[in-house]
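Below is one structure, written out as structure tokens; the observations come after it.
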Amino acid sequence: MEGVARQSVCCFVFLVTLLGVLGNRDDFDAGNFLEKFGYLDDLAPGQSGHSESSTRDAIKEFQRFNGLRVTGRLNRPTIRKMQQPRCGLPDMVKPGERPARLRGGRARNNALNPQAFYAPGYKWKKNDLTYKVTGYTRQLAENQQQVAFRNALQKWSNVVPLNFRKVTSGTADMDIFFARRQHTDGPGNAFDGRGGTLAHAFFPGDHPISGDTHFDEDEQWTIGEDRGTNLEIVAAHEFGHALGLGHSNRPDALMAPYYQGYDPNYALHRDDIAGIQTLYGRGSGRVAGGSNGGGGGGGRGTTPRPRPTTTPAPRGRYCNVKFDAIAQNSDGYTYLFRRNRVYKLDSRGVVQASRTSSVFPRAPSTPGAAVYDRYRRQLFIFKGQRYWRYTNNRLDSGYPRSLPSDFHNARAAIQWSDRGIYLFTRNNYYVRWAEGLTRLSRGYPRAVRSFWRGAPTNIEAALQSNDGYYYIFKGRRYWKYNAGAQLQRGYPKDTRGAWLSCGTIKPR
């Protein structure tokens, strides 16, 4: 057991005794759990383990916070509670990081927000907020997800004077998407597969990811059903964090850390209301944008109808489109480039077809590659000896720029989980690229098949998707890889069904 292995001999014996009642559950690291969710301090450099007293106090704190009988022992009810599906945010600030007057104590409810230990008054400094969905799950229709997010926000705007407006372009206060495992938040915030951590959100502030809300794509997301995990209820909880609330120690509160199951009549607990009104005062706001409908919070706002700049594409019309390049973008859509045309895709296929230059000004026709840098939220297009950089579909000043000779003639591009951008070049090699590089990094070029086993020769397009998988395209077929670069069973497949809405649409 990894957590026990780090302990001193004395603490090792103590934890083994505590875990003895659990039977064969050595895969659960209770020490790591208590550190991750704020009950134990992280081990200092050179520290061999936590003391017996601090570990016992941490267990008591967890039991007290979650309404369990306080024993200081890792008994079955305690472990069962730890292993239930929950939010990925800590329940409180670690003991050593609390103000001196609060050390040894605990936050009682949201009105005394645990996150306020970091920055008192942790809240948005405005009452009009925007939100944008940059990555939907493929498990539910997009309009269902829009309704769920709208209804979840409405829960909060019903009790505080906050207004929420859905946007589809530009930068939003709250960026919402689904992801798998390691995504954009660093290794400490990686998702863990089905069960365990369901979602997480970032608190208000001045950093770029303030308000961002992420859901684990590996969960079984449902709407209006007892099975799986209800998207609207989890979203309402996470939006509470995005507005500045910490976890509540009231087990029946929406802001309690653990998922409580599907309730068609779920509502904010008085503890949730007291916490949010402490931050923003009493009153009510509105939610504008998205679709009306669904239970659990009606809508007051109206849905704006922007004038279309291009003609919507009939589903299934573009069955024979090949992929010159493909990339996701800051608006949450995927863009497929073919000659001088660009096709805007959602989870059901092509929704719009346009001349490339009308969407991406001065972009080249027949680009060699395209990639979206999700960390900087910029789209790069490559052709020949030059590259173009776009922010919110606007060409950045000073572009296009020239590429060093080692990076000429990219045929495809992909962003891997380590934030690196890789260009697939001719002759079945790939190189690591970043702006400012004037020559190849050490160890490059590398053979494509040395990493992407089973990949085709002369790759034509590549994509990292918000679903946590990586896609490689050639002709009318595509290959699907997980984060370990393992080709998924049953691939390659035909692009026409899964990507272009032709024939029977199958999951990707």
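Given a Förster distance of 22 Å, report the FRET efficiency between ARG227 and THR171 from their Cβ-Cβ distance, rounded to the nearest 0.05. Efficiency, rounded to the nearest 0.05: 0.05. In plain terms, the chain from ARG376 to ASN75 could stretch by 103.8 nm, reckoned as 0.36 nm per residue minus the Cα-Cα distance. Rounded to the nearest 0.05, what FRET efficiency do CYS319 and LYS60 give with R0 = 60 Å and r taken as the Cβ-Cβ distance? Could you check? Efficiency for this residue pair is about 0.45. How about region 197-281: which GluC sites (Glu not before Pro) there lie in a loop by DSSP and see at most 15 other Cβ atoms within 10 Å? The qualifying sites are GLU225. Evaluating 6.51 cos²θ - 1.76 cosθ + 1.60 at θ = phi - 60° for every residue in region 152-163, the Karplus couplings come out as 5, 5, 4, 3, 7, 5, 6, 10, 9, x, 10, 10 Hz, glycine and proline recorded as x. Distance between the pseudo-spin-label points of LEU440 and ALA485 (7 Å out from Cα toward the beta carbon): 1.5 nm. What a 1.4 Å probe finds exposed on region 378-431 is 33% carbon and sulfur by accessible area, rounded to a whole percent. Here the contact order of region 326-372, divided by its residue count and restricted to Cα pairs under 8 Å and six or more residues apart, works out to 35 percent.
Judged by the mean number of other Cβ atoms found within 10 Å, the most tightly packed of the peptides 321-327, 336-342 leads the ranking 321-327, 336-342.
With protein chains left intact and a 1.4 Å probe, residues in region 353-503 average 45 Å² of accessible area per residue. Rolling a 1.4 Å probe over the heavy atoms of the protein chains gives region 173-272 an accessible area of 33 Å² per residue.
Using a probe of 1.4 angstrom, how much of the accessible area of region 155-222 is carbon and sulfur, in percent? Numbers along the way, then the final one.
Numbers: 1090 of 2260 Å².
Percent of accessible area from carbon and sulfur atoms in region 155-222: 48.
The values are calculated or read from the model by the stated rules, or taken from the named source; none is laboratory data. Just so it is clear, the structure is predicted and the values come from calculations on it, not from any experiment. Note that we place each Cβ from the backbone using ideal geometry, even for glycine, and neighbour counts take in every protein chain shown. Side chains included, ligands, DNA and RNA excluded: accessible areas come from the protein's heavy atoms. Shrake-Rupley method; radii C 1.70, N 1.55, O 1.52, S 1.80 Å.
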